[in-house]
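The values are calculated or read from the model by the stated rules, or taken from the named source; none is laboratory data. These figures come from a predicted structure and were not determined experimentally. A quick note on method: Cβ atoms are made from the backbone with ideal geometry, for glycine too, and the neighbour counts reach across all protein chains shown. All accessible areas refer to the heavy atoms of the entire protein, side chains included, with ligands and DNA or RNA removed. Shrake-Rupley method; radii C 1.70, N 1.55, O 1.52, S 1.80 Å.
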Amino acid sequence: ELAGKVLNFGVHVIIALIVFFIGTRIIRVVRKILRRALEKKDVDPGVRQFLDSLVKVILYVLLIFAVLALLGVTTASIVAVLGSAGLTLGMALQGSLSNFAGGVLILILKPFKIGDYILEDSHKNEGTVTEIRVFYTKILTIDNKVVILPNGSLSNTSIVNYTRAERRQLIYTVGISYEADLKKAKELLTEMLEKEEGRIEGTEALVYVDALSDSSVDLGIRFWVPTE
């Protein structure tokens, strides 16, 4: 009788493994179909990544439930265990749930999208957004570092989006000696700005005295350029 039970359990384990193997393949196919459908609908890349991650999590949870059921664990038992451990599980997943909610807010409010260059205020991380996932957002810094930002904190901090507008004003400071010809310096800088190919033609270009420092007169320069 014991040998029969062991054999029966072994059969269930094999079936569960087969179901898990087939299930993972089906999940990949479903995700592939979903991604293609979203691409055809021209859905925002960030939304595509988010939905892909969300569907992946949901399908794997369902697959695990199915595998446990094949091993003899009833759904009622699973729910009972989860219910008894609900408070502990909730505390443990508090950060993850916050990140999930943050990801939803980012996709709804769209403070940025993939390809935007952003600066987050809390830790001064800045770079180009490369991925928006369920729980986190990835940015690529100008020195080619990948920074992973939790969506929870990202949705609750100030964000500077440098690429949202079509043009930006660049501001520079040039220091000259107190003995230098101020008028001549302003004329030279103005001439340089007029010849600058990157400047948007017809927009205002300013050269002005910004500050009187201890050892120099600081001239400010402002001009408009395309955001890219």
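Quick notes on this one:
- Of all residues in the range 1-30, those that are more than 30 Å from VAL55 (Cα to Cα) have Cβ atoms under 9 Å from Cβ atoms of residues that are open to solvent by less than 100 Å² (accessible area, probe 1.4 Å), 6 or more apart or on another chain, in PHE9/LEU71; PHE9/GLY72.
- Of the criteria (1) closer than 30 Å to GLN49 by Cβ; (2) buried (at least 16 other Cβ atoms within 10 Å of the Cβ); (3) touching a residue at least 12 places away in the same chain (Cβ under 8 Å), which one ASP210 fails: (1)
- Some residue of the range 161-182 being surrounded by 11 or more Cβ atoms within 10 Å (Cβ to Cβ), in a strand (DSSP E or B) and within 15 Å of the chain's Cα centre (by Cα): yes
- The range 119-130, residues that are touching a helix residue (DSSP H, G or I) at 6+ places or on another chain (Cβ under 9 Å), within 15 Å of ASN156 (Cβ to Cβ) and either open to solvent by less than 50 Å² (accessible area, probe 1.4 Å) or without any contact (Cβ under 8 Å) to a residue 24 or more places away in the chain (or both): GLU120, HIS123
- Breaking point among (1) part of a loop (DSSP other than H, G, I, E, B); (2) more than 14 Å from the chain's Cα centre (by Cα), for THR157: (2)
- Entry remark, the range 91-100: residues being in contact (Cβ under 8 Å) with a residue 40 or more places away in the chain and open to solvent by 50 Å² or more (accessible area, probe 1.4 Å) number 2 in total.
- Per-region count, the range 31-73, residues part of a helix (DSSP H, G or I) and more than 30 Å from THR128 (Cα to Cα): 12
- ALA205 being of a type in the set (Gly, Ala, Ser) and touching a Lys or Arg at 6+ places or on another chain (Cβ under 7 Å): yes
- Residues of the range 17-49 that are more than 24 Å from VAL67 (Cα to Cα), charged (D, E, K, R) and surrounded by 12 or more Cβ atoms within 10 Å (Cβ to Cβ): ARG35, ASP44, ARG48.
- Restricted to the range 131-141, and to residues there that are farther than 13 Å from GLY115 by Cα and not aromatic (Phe, Trp, Tyr), the residue that is surrounded by the fewest Cβ atoms within 10 Å (Cβ to Cβ) is ARG133.
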